[in-house]
Amino acid sequence: MEIHLTTRAAAEYNYLSSSAMTPEMAAEYLQGGCVELRTFSEMLRDQYPYPDIRTRLTAFLQAYETNATPASVARKVQNWLEGRNQPTHREDVFQIAFALDLTENQTSLLLGQCTEYGIHYRDPRDVIYAWFLRNDGSYEEARTFYQSLPPAPRMKDYPEVDCTYITGELQSVFLSAQTKEDLRKSYLNNIEKFGQLHVRAYRYFDKYMKQLTHPDNGWGDTFEQDYSIEKVMEQYLSFHMPSGRNRARYSVTQKLLKRNWPNATALKKSAPTRKTCPGSCCCSCTSSRKT
């Protein structure tokens, strides 16, 4: 997946990856906590540097959040703009994009800031919303059009075909769609491809989790016992990650690792204990793994 970097992030990346820095120097630089991170508020104001941003966002969101009071919507927008928090749902970011008439690339940047990845061309909703952004459509048009489409079929097994290039293929197909009818045909003709790479990634997850929970016996008569998910976490995956929630004394890198590091409970929920696939992919994977 293509990753779009802001100017500041690109400068940090180039600095860290330059031949002038050894790995040890880069590690010390990161541990020092001096990496300058862009906030959502900064990025949003860069994308839309006009004084009516607050009123425009508030009016737009109030039109769609009919169950929320005007005061609560206004407070949410204020918190975003003042950097107190940021959107956590991709739908919120798309609403912001349509409200401010942002481009597809600008929207991808905001999505990456809030949800860790930009526009996902293997996600049906992202593809449809991106098309309407690219063609100056409204949020209402995009949402109505997406809701009119049949859902992508749920896969019953792992695909054996090579899915490596699916993202690029799908992006190319939907970029060539000129009309809504073209868009609908593109969606229907490629409906089987959505989620395939998610399933492929899950297959690897399942494969290596089996190896951890059911290790092969050693040479001779050595017998390896089966491990529980908790034991796997302790034995292989914890890497002495602190268990407490207080991150005040952590460096930027440590905070990012701690924020995204799975604990035993999270891993156990993700493990294929039933014939289903975890995550947000549009598939229903089967697994014969014992638990």
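The values are calculated or read from the model by the stated rules, or taken from the named source; none is laboratory data. Everything numeric here is computed off the predicted structure, so don't read it as measured data. Here Cβ is always computed from backbone atoms with ideal geometry, including for glycine, and neighbour counts include all displayed protein chains.
Of the residues L133, L102, which single one is part of a loop (DSSP other than H, G, I, E, B), crowded, with 20+ Cβ neighbours inside 10 Å and modelled with pLDDT of 90 or more?
L102
Can you say whether K156 is among the basic types (K, R), more than 23 Å from D92 (Cβ to Cβ) and modelled with pLDDT under 85, as far as the supplied structure shows?
Yes: the conditions hold for K156.
Which of the helices (runs of 4 or more DSSP H) found entirely inside the range 11-89 contain at least 1 residues meeting this: at pLDDT below 85, surrounded by 14 or more Cβ atoms within 10 Å (Cβ to Cβ) and not acidic (D, E)?
23-31
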